[in-house]
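Written out below as structure tokens is the structure these notes cover.
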Amino acid sequence: MTSIAPTQNSDQSAAQGMDRSFARPQTLMDLVWTGIAFTLLGIALLPLLLVLGYVIFKGIGRFNLDLFTQQIPAALQPGGGVGSAIAGTLLTVAIATLISVPLSILAAVYLSEFSSKNIADWIRFATNALSGVPSIIVGIFAYGMFVVTIGKFSALAGGVALAILMLPLIVRSTDEALQLVPQDVRWASAVVGASQFQTVLQVILPAALPTILTGITLAIARAAGETAPLIFTTLFSQFWPRGLFEPIPTLAVLIYNFATVPFQNQQEIAWAASLLLVLLVLLSSLFARWITRKSFYSQSQ
């Protein structure tokens with residue numbers, strides 16, 4: 001009995017020593033890789049932080065109530081704001097949303113619920129190709145189709161150009177959202193006597209609505225920051241929007257026009273508009289993530 005106990009104790013101590021010898025290198029490597037990961041994360045976030053910091057530094061000085069309510073100033077004119085450009089941006093984005101959202105949702109419903117696999121594959125391929133078309137090409141297309149035809153630059157032409165850019169984003173997100181709805185839900189709806197149209201309208205679309213809203217929000221955020229299509233379609237104006245068939249100011253084109261002018265007051269307006277546009281896009285992205293998280297938590301509960 002007395003000879004066995006020391007042997008067991010020595011075996012246990014040897015095992016613990018081996019565990020420590022294996023644990024130390026593993027722990028060290030974990031710390032090394034964690035440090036590398038955080039370093040690379042910091043490097044990836046550095047450009048974003050620099051851009052945000054510089055835009056805030058340059059634009060915060062003119063961030064006041066006049067910025068949101070006043071008309072765009074002329075050269076060397078004191079004061080002023082970007083109220084008319086905000087109104088023009090909201091108008092063009094609203095036109096684009098009214099055009100793109102119904103068409104995109106109908107197209108996605110057809111892809112997910114009614115089309116054959118071969119047709120759906122071709123349409124998805126065309127949608128992916130459209131999402132890769134440069135925005136300046138879309139602007140030239142809208143210029144040739146609407147500006148030349150109507151004979152003038154207009155808010156409507158700009159809204160159509162932005163709608164073309166929004167279409168593939170909303171179609172893809174809506175299509176994926178509809179495919180994520182479980183097939184059992186469709187079968188259960190069919191069992192109780194609902195038609196396919198009723199199933200899509202009353203069951204599938206409500207279930208996929210949070211993800212669809214996320215895609216719409218991100219598409220709106222992208223459209224609000226586009227410049228090239230609006231240069232070819234809405235042109236620019238310093239006055240408040242006066243109709244759908246008139247040139248109007250927008251934030252993106254204002255930044256493009258005023259960022260390099262030699263007049264300090266217009267440069268300050270351009271930086272303030274840049275900060276405002278960045279905040280709008282950031283808030284849209286945060287809203288989209290909030291919708292996604294809310295949908296995830298509601299489904300998990």
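Inspect region 195-211 for any residue being out of contact with any Ser or Thr (no Cβ under 7 Å at 6 or more places or on another chain), under 24 Å from residue 233 (Cα atoms), exposed (fewer than 13 other Cβ atoms within 10 Å of the Cβ) and at pLDDT below 90 and give the result as yes or no. Checked region 195-211: no residue is out of contact with any Ser or Thr (no Cβ under 7 Å at 6 or more places or on another chain), under 24 Å from residue 233 (Cα atoms), exposed (fewer than 13 other Cβ atoms within 10 Å of the Cβ) and at pLDDT below 90.
For region 143-176, give me each residue that is small (Gly, Ala, Ser) and touching a residue at least 40 places away in the same chain (Cβ under 8 Å). Quick ask: steps written out before the conclusion?
First, the residues of region 143-176 that are small (Gly, Ala, Ser): 144, 151, 154-155, 157-159, 161, 163, 173.
Those that are small (Gly, Ala, Ser) and touching a residue at least 40 places away in the same chain (Cβ under 8 Å): 154, 155, 157, 158, 159, 161, 163, 173.
Conditions tested, residue by residue: (1) touching a Leu at 6+ places or on another chain (Cβ under 8 Å); (2) among the small types (Gly, Ala, Ser); (3) at pLDDT 90 or above.
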position	(1), (2), (3)
7	no, no, no
35	no, yes, no
73	no, no, no
82	yes, no, yes
89	yes, no, yes
103	yes, no, yes
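For residues in region 158-188 being modelled with pLDDT under 90 and among the β-branched types (Val, Ile, Thr), which is nearest to the chain's Cα centre (by Cα)? Among them, the one singled out is 181.
In the set 261, 278, only one residue is part of a helix (DSSP H, G or I) and of a type in the set (Val, Ile, Thr); that residue is 278.
Can you say whether residue 189 is within 19 Å of residue 215 (Cβ to Cβ) and in the same structural domain as residue 98 (by TED's automatic domain parsing), as far as the supplied structure shows?
Working: within 19 Å of residue 215 (Cβ to Cβ): no; in the same structural domain as residue 98 (by TED's automatic domain parsing): yes.
No.
The values are calculated or read from the model by the stated rules, or taken from the named source; none is laboratory data. Remember, predicted model here, so these are calculated numbers, not experimental data. Methodologically, a virtual Cβ is constructed for each residue, glycine included, from the backbone with ideal geometry; neighbour enumeration extends over all protein chains shown.
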